[in-house]
Amino acid sequence: MLIAGIHAVEEALREGKTIEKVLVGTQSGDAALNKLLGELRAAGVPVKHVPAVKLNKLFSGAHQNIVAYVAPVPFVPLEQAVRQAFERHKSPVFVLLDGITDTRNLGAVLRSAAAFEAGAVILPAHGSAGITEETVKSSAGGIFKVDLVRVPHLLDAVYFLQSEGVAVVAATEKSSDYLENHRFDGPAAVILGNEQKGIGKRLLQAADARLRIAISPQMDSLNVSVAAGIFLYEMHRQRMQSGDYSK
């Protein structure tokens, strides 16, 4: 898998990911980039200087003169991810994504998940965006800070989380209950769906609560990554206030 950009490569190195090799533009002279190259070499990562045109061919977005080949991000088994989340915090939070097919949206959700220390992001094996260089880039390194889980069926994941004492809420504009009025008083998970199709009917029915974000009536909905950030912030804020966040 290719990742690009100084920050993304820094995070991959810091998190101990397997960086197979790094390509750097021959005209690079940025101090932050040179510092990173020194750290990469010290870690034994092969660094090769190449013409900028080669980097442009490899990565279509902004690459900041550095592209790295990283071993694919590993997926963690659901049971392991949940156990580890409870070891870190007594009231962990989880994110389930139903039908998110845009790689950049997925990356942005991962960025918010990492920012608010979600226990794991859970994806279905089918009908979900893959992990690409765009995902890594838009996550700003967040992909390396949160466990990724892939399951055959999200519904089974919901049932498992509930059996472990996790309250599952669904983010949907069709609800009459508002996020800010909901009390998160323990482990919790939020389901977010595709902007067009929303969350599947069976998942909505299985959720312990269905909540909406208060927005202007001029708009029908929010981008899924924005909605994820708002839900995760509110859950994080309540955990911090109640003291449930700490171990």
Distant-in-sequence amide H partners of Phe94 (H built 1.01 Å from N, under 5 Å): Gly119, Ala188, Ala189, Val190
Quick check: the distance between the Cα centres of region 1-39 and region 208-223, to the nearest angstrom? 39 Å
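Report the convex hull volume per residue for the chain, counting only C-alpha atoms, in Å³.
141 Å³
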Please give the helix 31-42 orientation as an angle from the longest Cα principal axis of the chain, in degrees from 0 to 90, rounded to the nearest 10. 90 degrees
Helix-only CD estimate at 222 nm, as mean residue ellipticity for the chain, using -39500 (n - 2.57) per DSSP H run (n ≥ 4): -11500 deg cm²/dmol
Go through region 108-120 residue by residue and turn each phi into a ³J(HN,Hα) via Karplus (6.51, -1.76, 1.60, θ = phi - 60°); whole Hz please, and just put x for glycine and proline. 5, 5, 4, 4, 5, 4, 5, 4, 9, 6, 5, x, 6
Top of Ala114, Ala42, Ala52 by mean-square fluctuation, Gaussian network on the chain, Cα under 10 Å: Ala42
Points 7 angstrom from Cα along the Cβ direction at Val53 and Met219: gap in nanometres? 4.3 nm
Hey, rough spin-label estimate for Ser163 and Thr101, points 7 angstrom out along Cα→Cβ, what's it come to in nanometres? 3.2 nm
Spin-label point model (7 Å from Cα, Cβ direction): what's the Gln196 to Thr18 distance in nm? 3.7 nm
Highest GNM mean-square fluctuation among Ser112, Ser163, Ser225, for the chain with Cα springs under 10 Å, belongs to Ser163
Quick one: length gained pulling Asp30 to Arg83 fully straight, 0.36 nm per residue minus the C-alpha distance? 14.9 nm
Scoring region 78-242 by relative contact order with C-alpha pairs under 8 Å, at least six apart, yields a percentage of 27 percent
What is the percent of Cα-Cα separations in region 116-247 that go past 17 Å? 62 percent
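FYI, it's all coordinate maths here, none of it is from the lab. Predicted model only: the values in this text are computed from it and were never measured. Neighbour counts are summed over all protein chains in view; Cβ atoms, including those assigned to glycine, are modelled from backbone coordinates with ideal geometry.
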